[in-house]
Amino acid sequence: MFVHGIRLSGGCWTQQIRLSHGRRAATPDLPGHGRRRGEAFSAAGAVDAIVEAIDEVGGHAVVVGHSLGGSIAIATAARNPDRVAAVVASGCTLVPNMWLRGIFRLGHGALSRLPDRGAGISANALRRSLPDEIAKPTIAAGIASEVIPEVMDAAADIDSIDDLGAYPGHVLFLNGGHDAFRLGERRFLAASRDGALQIVPGAGHYVPLTHGETFARAVRAVADRCDTATRNNT
């Protein structure tokens, strides 16, 4: 189960699906994103979307989330531990305080004043940052900049530290070495009941999309660990 970040969609995970080695996988869109653009975003609605997608793939899954998707993955695990075998959370180990939310709002305000509401700038930034095989489907699926204010409102109600303490399963924090959103990773790791931390040297915030092979290997290792635990318990 792969959960995308803010403004993006399930379309950003094409490479990870290809690298999943035949494992059953899903890439749901969060409310307000991708095929669900125009829907209101809320933390509860986002968790419901992930639970629905988990049920569609058999009711039990490793949930992999990037950025906003990582926070939603953790929230989903805390509220539905029986459905979440493990969590891989990337680029989300920074508490979204009012200053961080304010920066996002300022950026959204600047983009909103452009004739295309910043769609061109966002698309060009992705083309410069990502491999073509990632950038093209991500852009084609749409970049939902308009959802930023609702996500920032919802972020005030997300407490990943408490959520980590409520989830008994394994959580891997998988961060790029140059990602500013890793600044709170030690606090997040300490809050986890079964946590691990892996840093990808040279990577930034978009490590799942820029370092796909490395990211996929880490995800497969977590999935293999879950398979082994299941076999040992049967």
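The values are calculated or read from the model by the stated rules, or taken from the named source; none is laboratory data. No experiment lies behind these values; they were computed from the predicted model shown. We place every Cβ from the backbone using ideal geometry, glycine too, and count neighbours over all the protein chains shown. With ligands, DNA and RNA removed, areas are computed over all heavy atoms of the protein, side chains included. Shrake-Rupley method; radii C 1.70, N 1.55, O 1.52, S 1.80 Å.
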> Taking square-rooted eigenvalues a ≥ b ≥ c of the alpha carbon gyration tensor, is the stretch 1-105 rounded, prolate or oblate, where a/c under 1.5 means rounded and, failing that, a/b exceeding b/c means prolate?
Replying inline: prolate
> Rg/Rh for the stretch 13-55: what does it come to with C-alpha atoms and Rh from Kirkwood?
Replying inline: 1.05
>> For a distance above 31 Å, tell me the whole-number percent of Cα pairs in the chain that qualify.
In response: 14 percent
> Thinking of the stretch 45-105 as a set of Cα atoms, what percent of all their pairs are more than 16 Å apart?
Replying inline: 45 percent
> Taking +1 at the Cβ of each Lys and Arg and -1 at the Cβ of each Asp and Glu, which of GLY102, ALA203, GLY34 sits farthest along the dipole of the chain towards its positive end, judged by Cα position relative to the Cα centre?
Replying inline: ALA203
>> As a test of the formula, what do you get for the chain when each DSSP H run with n ≥ 4 contributes -39,500 (n - 2.57) and the sum is divided by the residue count, at 222 nm and rounded to the nearest 500 deg cm²/dmol?
In response: -14500 deg cm²/dmol
> What shape does the stretch 74-122 have by the C-alpha gyration tensor, where a ≥ b ≥ c are the square roots of the eigenvalues, rounded means a/c under 1.5, and otherwise prolate means a/b greater than b/c and oblate the rest?
Replying inline: prolate
>> I'd like the distance between the alpha-carbon centres of the stretch 117-136 and the stretch 1-42, rounded to an integer number of Å.
In response: 17 Å
> Got a sec to turn the phi values of the stretch 136-151 into Karplus ³J(HN,Hα) couplings, 6.51 cos²θ - 1.76 cosθ + 1.60 with θ = phi - 60°, whole Hz, x for Gly and Pro?
Replying inline: 4, x, 5, 5, 4, 6, x, 10, 8, 4, 5, 7, 3, x, 5, 5
> What accessible area per residue, rounded to a whole number of Å², is obtained for the stretch 178-233 using a probe radius of 1.4 Å?
Replying inline: 56 Å²
> Per residue, how much accessible area does the stretch 1-106 show when a 1.4 Å probe rolls over the protein heavy atoms, in square angstrom?
Replying inline: 39 Å²
> Considering only protein heavy atoms and a 1.4 Å probe, what is the carbon-and-sulfur percentage of the accessible area of the stretch 100-226?
Replying inline: 55 percent
> Quick one: helix 43-56 against the long Cα principal axis of the chain, what's the angle to the nearest 10°, folded into 0 to 90?
Replying inline: 50 degrees
> Roughly speaking, what is the stretch gain from LEU189 to ASP82, that is 0.36 nm per residue apart minus the C-alpha to C-alpha distance, in nm to one decimal?
Replying inline: 36.4 nm
> Is the stretch 128-234 rounded, prolate or oblate when judged by the Cα gyration tensor, a ≥ b ≥ c being the square roots of its eigenvalues, rounded requiring a/c under 1.5 and prolate requiring a/b larger than b/c?
Replying inline: oblate
>> Cβ neighbours within 10 Å, averaged per peptide: list 38-48, 89-99 in order, most packed at the top.
In response: 89-99, 38-48
